[in-house]
Amino acid sequence: LSASWIDNATQYIIIPMQGEIDSLNVSVSAGILIFEAKRQRNFNS
């Protein structure tokens, strides 16, 4: 992310990753965040 995006952020979320990959695209990141939010809230699909 550019410095302007980081400077204007109100929160930071880190997705831990293993291996040689050092970034994810926005749609993959959003899917991971939605899945984890649902998992933590114990929603059943």
Scanning region 1-34 for residues that are small (Gly, Ala, Ser) and assigned to a loop (DSSP other than H, G, I, E, B) gives Ser2, Ala9, Gly19, Ser23
Within region 17-40, residues being modelled with pLDDT under 90 and of a type in the set (Phe, Trp, Tyr) number 0
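The values are calculated or read from the model by the stated rules, or taken from the named source; none is laboratory data. Since this is a predicted model, take the numbers as computed values, not measurements.
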